[in-house]
Structures are given as structure tokens and as C-alpha cells.
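Report on one structure; see the data block that follows.
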Amino acid sequence: MPLPSYGLTRRACLASSAAAMAAAILGSKSRGIAAAPLELPTDLQRAVGGRRRRIVVQHDAHDVLVRYAKRHGNEAPFGPFRDAVFAYPDDPLTQIDALWWDVAGDGVGAVYPSQIEPPVDYPLLKYWLGQGIDWIAELVAGARKRKLEVFWNHRISEVEGKPEGGLETEHLHPLKAAHPDWVIPVNFWWQGMWNLAAPGLREYKLKVLRELAANYDLDGIQIDFSRHVPCLPPGRQWEMREEVTEFMRMTRGMTLELGALRGRPILLAAKVPQTLEGCRIDGFDVAAWADRGLVDVLTLGSRAMEVETDRFREVLGKRVQLQPCFDDHHATDGYRLAPIEFLRGVFANHWHRGADSVVTFNWATGLPELCREIGCETGSLSQRDAYREAGSFATMKGKDKVFALDRRGGYPWAVGFFNRNDTAALPAAMNETATDFQIHIADGPGAEASLTIRLILWGAVEDDPFEVKLNGSPLVEAKRDPEWKDAQIFSPKPQPTSGGSGQYAVDPHQRLLRIDYPAPAWREGRNALTVRRARAKDANAANETRLEKLEAHIRYLPS
């Protein structure tokens, strides 16, 4: 495919030398040569640190497309769809600065005109193309018109779906059939996941990304490792980490080359687990990527609240921009479509721990009435409010917040670490031995602020006593409710997988125990909590007692 014409004569000499450097990077097969750090072009370095990027929306507009077609048919006009996917960015009060289009879908083939992959057999896209509408070009142009940064998000290993929606349970992906060495068998998907240890797969993916970067006016590309791990053979991920690093090197070489030819840099981002240990488990050597100049931005996590942005900063320094992500469809268990106070707590902690920007994923495309009209998934009004506040710590200052701990499970579609939340502290069995927790509270003490620690317990009886200490100081119970109900807590049944409709019905027979403890003093940042039963559980009790949720509620006096 021909390169776009924009900018090709700009700084021709500089572009020529940068392209030569990129070609040398791409041509090098030696891991020793690849390990040498790159000297990145000045314009790329300026673009990395100089762009305003408060809130980044990883926008799954393909899901909106599928639902729009189901509601309005395969000859639906493009205009209402286009307006819908830009609804929140067009809010005059928004803090959205970037749209990272996550629009490839999960079908076999390309959702755009391609000479590499066959077209996806999707009637609405065919109809639009017949009218001269390339929807990807329109999405990119729409972002540019609004002066928003625009990236392509590339899911490294998605499960196969049917173009009209639903999973592909009958037909094996043609490339997986032709190249079984490109595939890792997994227990959660019959077709297996893509294997980046296969050189042929890396080359193929590079061709796909090159075509996209050459034909659309993108500011950057994100390699999204959250969908799905493993992308290296299980049990050998860290041992084989250089295979993923090699793919990052190849992709960086391509973006440098095309950026030089057009006279404007193409940034490279990667979406990785929210902890350094999680990156190690899944085979992502982020320190090497930073040392070698292979990445500009790291998106940290996807569905976890607790993100080690500060630890990444200690290791990586300022060489790479860091942006934690929060998914409100496959949300952390127990907190889907949560109120604005909860979202403030999540994003305030991200900023407090050193984020350069923050990311939303799987949020609604607009207000509930618009979503119902289009036919796509609705969200809560708290999402709109978060888009108006969460792009800065300052715009959340002095506002009520809820800080909470993550809960395990809810994401079985992974082998490894990413998205599983296996290391989360909750739920936790409660007994006479104290259990230690750490909770980050971005807002420090102040004359107008009050803090309450809240426990939500299952399997406790009305008069069960508990001892709670915050930073070593005992707290005094103020209130308990033995009839508390939470539609997103399912004990004693197993917690269901995340996602779905988001409609949760309260069980009228549910009996949880909620206990509130005012905290006269706390620390800005990390706080230590210990919780224990103050009396042995009745030996005849049918169930153990579990701490399901642990929250810190900050309230401010009205101004």
C-alpha cells in the first residue's frame, strides 16, 4: 500500500537518516545488536513528553458498531454512529485528550481496506465502503478535527468471534490451521492463543501494523497484551522474554521508519500488567524495553484498582510515560458501574502514585439515553462525571472519595498474571489471628475531611466482635448493619465472571454485616490496616466468616 502523501518532503535529509537508522534496526537479527539502546529522534522525544494527555479513552468502537447494526440494520447511516462514538469527547466539560481506537474486533480478517488480510464479512462495513466510507479513516479524521491524540490499539491475541457477534466455535482461524507453531494451546479457548516466540507470527503481525501505520494518520500504536495472555509458552514466559522484546524492537523500527518518511513521529505504547512482578510472570521485560528505547508509553493494568505506578517509576525513571487503566465492563469484582466517589478514589490514587495520564477502557460511549438509542451498552452517569474530573488530581480535590481494595478472580480468560487479580487481598477469611492489609489513600488529613473505615463481611452474625487497627492505632466501632445487601457479592456461591449486562439484582434474603469505624488520623499515601475476630467463631457455624470488601470513605464538609 502507498504511503500517505502528507509531510513526505518535510526535513527530507533528517527523514532520510532516520529512515536509514530504522532500516538498520529492522534488519538486525542479532540479539546483541538489538540490546543496544536506540538514539531516538528529537521530534519523537518532544512528542512523548510534550503532549497533553490527561484522560486517554481506549475506545472499543467495534462493539458499538456491532450493537448499532443489530438495532438499526445493515444499511444504517454512518452519521449517527460517528456522532455516538464521539459523544463524550464532545462534552464541553470533558478532560479527554486522546482516543486510542480499539476497533479491530475479534473476527478473522481486516475491518478496513487491506492488502494483507481478507476483509471481514460484515454487511454494514460493506455497505459503508460501497458508499465510499472507510470508517477507520473517519474515526482518525474525527479525532484530528477535535485535536485529540489518536492511536491504533492492537490486541496481541484475541479470541476469535463471528462478524455479527458471538464466539467462533466451529471454524478454526485459517492462519492457526496453516501454522500450528504460531499457536499456544490454552484451557479457556479452543483455538489457542498467538505465540510470539514464532518468528513467522512476528513478521506477519509487523506487516499488519505497517499497513495500518502507512495508510492512516496515526499518532501512535499500542501493543495491547491484555487480550490475552499467554503470548509465550506457559511456564517459560520469563525465560523467553526476549521473543516479546524482539517483537517490540521490530515494531519500533517500523514506526521510526514510517515516522521519518512522513516527517512526524509515530509513538509506540504497550499495555502490560499493573505490577512489575506481573510483567515478569507474563514475560514482559519492561525495563529492557525502556533501556533500549523500544517504548514511549506503558498502559498499566486494565481491571485492577491497585496499580504500582510508583514502583514502575522507580525502575524506569522518566524515560517512559505511565498511565494506569480502569476497565468498567470487566471491572474489579464487586465494583462495576460504581458511583463517582469510587471512581474519584481510583483515579486520585493513580495521580498520587505518579501517573502521567489515566486510561478508561470499556466505558459507555455516551449518556444512557444515547446508548439506548444507538443500541450499545449503557453506563452510569458517574462515567460522565469522571470524564469531567478524573483527568487531574486538582479537579477532584476536596471531593468525597471511596478507596477500596481489589478482589480476586472474575477473569478466567488468561493463563499467567494479566487481568486475573489472583494476588488481590480479598476476599479474606477472618479468624482470631490478625490479617494485615495495605490501603492507599491519596487524600491526606485536613480540618474539613473525615475518614471512615468500612468492612463488609459474609458469614458473620449480628454481634460478632472485630478489632480493627489503622497504622497500629485501634479504631472504635460506630455503626453496624447486620442486614446489609450488596448485589455484586454472591457468597456462598462462587463469584461469577466479570462482564455481562451489568444488571445485578439484590437478593432479599442476603445478610451481610457492615461495620463502620471512624478514623481520627491517617496518612496520605500508604496505610496499614489489621483486622481480626475478637472472639472465636462458633464451632457449629456452617460457614466461615469472610471479609468481602474493605473501604476507606473520605467525606468533606460542605464549603
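A full extension of the chain between Ala539 and Trp238 corresponds to an added length of 103.8 nm, given 0.36 nm per residue minus the alpha carbon distance.
Can you tell me the dipole magnitude for the range 401-544 around its Cα centre, using point charges on the Cβ only (Lys, Arg +1; Asp, Glu -1), in Debye to the nearest 20?
Working: 18 positive and 19 negative charges, 55 e Å.
About 260 debye.
A protection proxy built from the mean count of other Cβ atoms within 10 Å ranks the segments 346-359, 38-51, most packed first, as 346-359, 38-51. Applying 0.36 nm per residue to the separation of Glu203 and Leu557 and subtracting their alpha-carbon distance, the gain on full extension is 121.6 nm. Taken along the Cα-to-beta-carbon direction at a fixed 7 Å, the label points for His179 and Asp481 span 5.6 nm.
Among the listed pairs Lys271/Lys479; Lys397/Lys493; Lys205/Lys318; Lys70/Lys485; Lys147/Lys271; Lys162/Lys485, a Cα-Cα separation exceeding 31 Å is found for Lys271/Lys479; Lys397/Lys493; Lys70/Lys485; Lys162/Lys485.
Just the projected area, averaged over all directions, of the convex hull on the alpha carbon atoms of the range 103-152: how many nm²?
Details: hull surface 15.7 nm².
One quarter of the hull surface, i.e. the mean projection, equals 3.9 nm².
Enumerate the residues in the range 533-547 having an amide nitrogen under 19 Å from the point lying 7 Å beyond the Cα of Glu467 toward its Cβ. Correct set: 533-538, 545-547. Label-to-label distance for Glu373 and Lys145 is 1.7 nm, based on points extended 7 Å past Cα in the beta-carbon direction. Computed from phi, the 3J(HN,Hα) profile of the range 465-478 under the Karplus parametrisation 6.51, -1.76, 1.60 (θ = phi - 60°) reads x, 9, 10, 10, 10, 10, 6, x, 9, x, 9, 9, 4, 10 Hz, with x in place of Gly and Pro. In the range 114-247, the DSSP beta bridges split such that about 40 percent are antiparallel, to the nearest 5.
Suppose every K and R has +1 on its Cβ and every D and E has -1 on its Cβ; what is the size of the dipole of the chain about the Cα centre, in Debye to the nearest 20? Write down the numbers at each step before the final one.
Numbers: 69 positive and 73 negative charges, 250 e Å.
With Lys and Arg at +1 and Asp and Glu at -1, about 1200 debye.
Taking every DSSP beta bridge that has both ends in the chain, the antiparallel portion is near 55%.
Extension gain Val315-Ser501, at 0.36 nm per residue separation less the Cα-Cα distance, in nm? Stretched out fully, the Val315 to Ser501 stretch lengthens by 63.0 nm. In the chain, taking the dipole from charged Cβ atoms about the Cα centre, the farthest positive-side position among Trp458, Ile136, Pro496 is held by Ile136. Classification of the range 164-311 by its C-alpha gyration tensor yields an oblate form. The axis ratio a/c (a ≥ b ≥ c) is 1.5 or more, and b/c is at least a/b.
When you count the other C-beta atoms within 10 angstrom of each residue and take the mean per peptide, 429-435, 243-249, 376-382, 293-299 line up highest first as 293-299, 243-249, 376-382, 429-435. Measuring r between the beta carbons of Leu93 and Glu524 and using R0 = 25 Å, the FRET efficiency lands at 0.35.
State the Kirkwood hydrodynamic radius of the chain in Å, one decimal place, computed from all pairs of distinct Cα atoms. List each step's numbers first, then the result.
Numbers: mean 1/r = 0.0401 Å⁻¹.
So the Kirkwood estimate lands at 25.0 Å.
Each other residue within a Cβ distance under 15 Å of Ala84 adds +1 if Lys or Arg and -1 if Asp or Glu, for a net charge of -2.
Take every Cα pair under 8 Å in the range 12-397 that's 6+ residues apart, average their separations, divide by the length, and report that relative contact order as a whole percent. Don't skip to the answer; put the middle values down first.
On the way: 704 pairs, mean separation 81.0, N = 386.
Normalised by residue count, the contact order of the range 12-397 is 21 percent.
Here, each number is a calculation from the coordinates, and none is a lab measurement. Being a predicted model, the structure only gives us computed values, none of them experimental. Please note: Cβ atoms are built from the backbone with ideal geometry, for glycine as well, and neighbour counts cover all protein chains shown.
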